[in-house]
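Reading through the C-alpha cells given below for one structure.
Throughout, read-outs are computed from the coordinates displayed, never taken from laboratory work. These figures come from a predicted structure and were not determined experimentally. Here the Cβ positions follow ideal geometry from the backbone for every residue, glycine too, while neighbour counts run over all protein chains shown.
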Amino acid sequence: MLKYVILFLILFSSIGIIKAQNDTLRIIVIGAHPDDCDLDAGGTAALFANMGHAVKFVSVTNGDAGHQEQGGGMLAKRRIAEAQEAGRRLGVTYEVLDHHDGELLPTLPIRLEIIRKIREWNADVVIAPRPNDYHPDHRYTGVLVQDAAYMVGVPNVAPDTPPLQKNPVFLYSQDGFQRPNPFRPDIVVDITETFDQKVAALDAHESQVYEWLPWIGGFADEVPQDTTERKKWLAENRKGSISPEARKSLEKWYGQERAAQVQQAEAFEICEYGTQPSEEEIKRLFPMLENQ
Ligand SMILES: [Zn+2]
C-alpha cells in the first residue's frame, strides 16, 4: 500500500512541477556591456522574477574597456563580479560573454553564440537594443540579435543546440535616437514598484555608476563619497521621464486611472522579426500589464 502512496505522491508532484514549468515565462535580455540589461530592463526583469518567471541577462562584451584608470582582465573580473551581484539583487541569472569591450563586431561565431544562448534559455521573449544606437557595441548587439531572430528556429544552424519550437517575440529596449526612425513604445511596463530594486542592481555596478560614467560624462565631482548618500544620488540620477507616447501606451495597457499614477516605466518596441504577438499574446507574455 505504502508503495502506491509513494508512487502517487511522486506522480502528483511531478505533474505539479511540469505545470509550474509550463506556466513559467522565460525572458532573455541581451546587452552589450555588464550593466546595459539592468539599465534597459532592470525594473521589468524584477517584476518578472518577483512573479516567479525566469529571467536571464547576457552581456555580449566583458566590459574590459569601461573605466578611466583600470582595464583589461582585472576590470573584466571586477565587472563580472558586479554583474553577478546585480543579478542576485534582481533575482535573475547574469552571464557575461568573453568579448572585448569597445571592439564588438557582428561576426558569424558571435551570431552562433547568441543563437545558442537564446535556444538554451528556451526564450519566450528576447530583449535587445536597436541597431541605431550611438555606441558601436550596442549597435552590433542589436544586429547580432536581429541576425539570430530567424535562425533560432533553423535546425541546420548551430546544430549542436536544438532549435526552438516556437520563435520568440523579439523586443527592442528604449532609446532616444531619432534616425532612421524614433523608438515606438509598443509595450510600456509600470516599474514604479521595482524602481528601488533596479537602483539596487545599478548600485552593484560600482565601477560604472559611481566611477566610469560620471568621469566620461564630466560630472564625477557630483558623486557623494558616502555609500548611502551615493545610492540616493543614483536613484535621483536614474529617474526617467515618461514621454507623451509612452504615457499613451501605458493608458492602453493599464487603463487611464492607473497610467496617470505611474512614476517610472520601461518601454519596448516589437521587432518586425520573430513572432508578431497579438494583444492577447502580449498580455500573456507580460502578465504584470493585467495587474490593475
Ligand atoms: Zn553599454
Name the GluC sites (Glu not before Pro) in the range 63-99 that are in a loop by DSSP and that have at most 13 other C-beta atoms within 10 Å, would you? E69
Name the residue, out of S207, S173, S59, whose mean-square fluctuation peaks in a Gaussian network model built on the chain with Cα pairs under 10 Å. S207
Of A201, C271, H135, which is farthest towards the positive pole of the chain's charge dipole, taken about the Cα centre with +1 and -1 on the beta-carbons of Lys, Arg and Asp, Glu respectively? C271
For each of F48, F286, F177, count neighbouring Cβ atoms within 10 Å of the residue's Cβ, then give the residues from fewest to most. F177, F286, F48
Choose one answer from H138, H67, H205: the residue with the largest mean-square fluctuation in a GNM of the chain with alpha-carbon springs under 10 Å. H67
Lys pairs, the chain - Cα-Cα below 23 angstrom, 8 or more residues apart or on other chains: 22
